[in-house]
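Just below is one structure, and these are the notes that go with it.
The values are calculated or read from the model by the stated rules, or taken from the named source; none is laboratory data. Keep in mind that what you see is a predicted model, and the values were worked out from it rather than measured. Counting neighbours? That spans all protein chains shown, and the Cβs are built from the backbone with ideal geometry, glycine included.
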Amino acid sequence: MKKYIIISIICLGVITSFSSCKGFLDTEPTDVVVAETAMLTLYDAGIAVNGLYVDLKWYDYYGTYMQLMGDERGDNIQPRTMSSGWIQIYTLGYDSESNTYFNMWQKCYQTIMRCNTLLANIEKLDPATSADKKKRDDYKGQAYAVRALIYFDLARMYGYPYMKDNGASLGAVLITDVVSISDAKQDRSTVAQTYDLILSDLDQALSLLSKDKNTGHFNYWAAKLLQARVYLYKGDWDAAYNAAKEVIDQSPYNLVPNQEYLDYWQQEGGDETLLEFFVTTQSTIDDDGGYVSFYHNLWHGDVSAGASLIPTVSWINLVQSEPGDIRAEFLRTDSKYEISKAWLCKFPGTNGVNFRLNNPRILRLAEAYLIAAEGALKGSAGVNQASNYLNAIRKRANPSTTDVVATEDLIQDERRKEFIGEGHRFFDMMRIGGSIVRSDGDGYNFAVSAGCPEEIDWNYFKVVLPISHTERQIYPNLEQNPGYTE
């Protein structure tokens, strides 16, 4: 079988738009190169590795959509008006026939194919020194880790939560080799099979990655925290606890203290950040926010300068429920709007210069603490350990607060307060079999009047995204998720 790759795209970091007649496996928009001649030196491999992260920063992935899928579908963020702010995501108003705009499926597979290409070629390099071998291994580990992250995102966006049916629902199409288009048209796996590949990739990554800080890229500690997150979603509580505890106890990262917390959000590579995607003034992609359109729409100031997304009243009430919580300082109002239409000014831009240019933070040490708390509470480590980790995050946010005994509700409330704008809330509620309640009494909530159920749980078919009509026309064996138009 003849193998094709897109090394010219990888090396140059070029992002290419796909026309509606192409599917998620059509990754040949410019020149293609035979795989055997693609990667000649470690320098080539390093450029290829950098290219793995480029698509992840786009507005239709971690630049915007992943945050919206977690916060706007949840009960943290809502549009200010019915006329702007990704209304279809907020009301879960997407369907398979008009889903092309929200088609993250294709975006994910573009980078999966790049990971496969790198992994297929990098072993052909013959490092001259032990230092070069470590560098080659680290590059290889990054490819495994990036692929694991993407398959995890596919599983939680297009498959039902693992604990709903032990992963029996439809998951991703599992492609791990460099293959031709015709040979890659295979059936979807189950969510359980997708998780098996994710965890296998992470095991491979952890055996290869450097433990040195490498903020814009995966290192050992970022992969370990991602592993903890995957175990948490799977309900493997002890494994989640142990992985998170290793990051807390052994990694070179530290929780940002209370007095530095607000400034942390404008820092690049802060002490608490294991993985963030770097966005610079040179990397703007489009005229309406580039990588970071999400942050533009959260921005406070003149009403014409973004501000189409706002925190929900229920989140405002939660974060203000304990006086002294520093996260309440993310809220800003002026004379035009009352508190129920406050802005969220959590993301001021790198160095506070340009609110559009925020580095999406993917993995933070605070998450390790809250994973350890939940894993301990539900696993064998016990409530005392759970309380210790939970109280560490509570007291970082509010040094005057009193200690609590950990419960499921307290942990999920803390996650909700801590991770607003980072894309966790909806997925958190779905993975544990909880629910999102959107009552008309929650400020300016209009989701119910727009046809969205008042209460959403993992039995509602729209908690998973549909496979778009375009993809199913090209690849008829892509089975549609239940409830959507075939």
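Against the conditions (1) modelled with pLDDT of 95 or more; (2) touching a Gly at 6+ places or on another chain (Cβ under 8 Å), Tyr475 satisfies every one except (1).
Restricting attention to the range 469-483 and to residues that are out of contact with any Leu (no Cβ under 9 Å at 6 or more places or on another chain), in a loop (DSSP other than H, G, I, E, B) and touching a residue at least 24 places away in the same chain (Cβ under 8 Å), the residue that is nearest to Phe426 (Cα to Cα) turns out to be Leu478. Set side by side, the residues Tyr162, Tyr109 differ, and just one is farther than 30 Å from Pro311 by Cα and either among the hydroxyl-bearing types (Ser, Thr, Tyr) or in contact with a His (Cβ under 6 Å, 6 or more places away or on another chain) (or both), which is Tyr109. In the range 321-367, the qualifying residues are those that are modelled with pLDDT under 90, among the β-branched types (Val, Ile, Thr) and within 26 Å of the chain's Cα centre (by Cα), and the one that is farthest from Ala244 (Cα to Cα) is Val353. Number of residues in the range 59-90 that are hydrophobic (A, V, I, L, M, F, W, C) and within 17 Å of the chain's Cα centre (by Cα): the value is 5.
Counting only helices (runs of 4 or more DSSP H) wholly contained in the range 1-93, the ones carrying 3 or more residues that are modelled with pLDDT of 50 or more occupy 42-52, 87-90.
Exactly one residue out of Ala168, Ala223 is in contact with a helix residue (DSSP H, G or I) (Cβ under 8 Å, 6 or more places away or on another chain) and closer than 23 Å to Leu274 by Cα, and it is Ala223. At least 3 residues being under 24 Å from Trp237 (Cβ atoms) and free of Cβ contacts under 8 Å to residues at least 24 places away in the same chain is the threshold, and among the helices (runs of 4 or more DSSP H) wholly inside the range 349-463 those reaching it are 383-397, 408-418.
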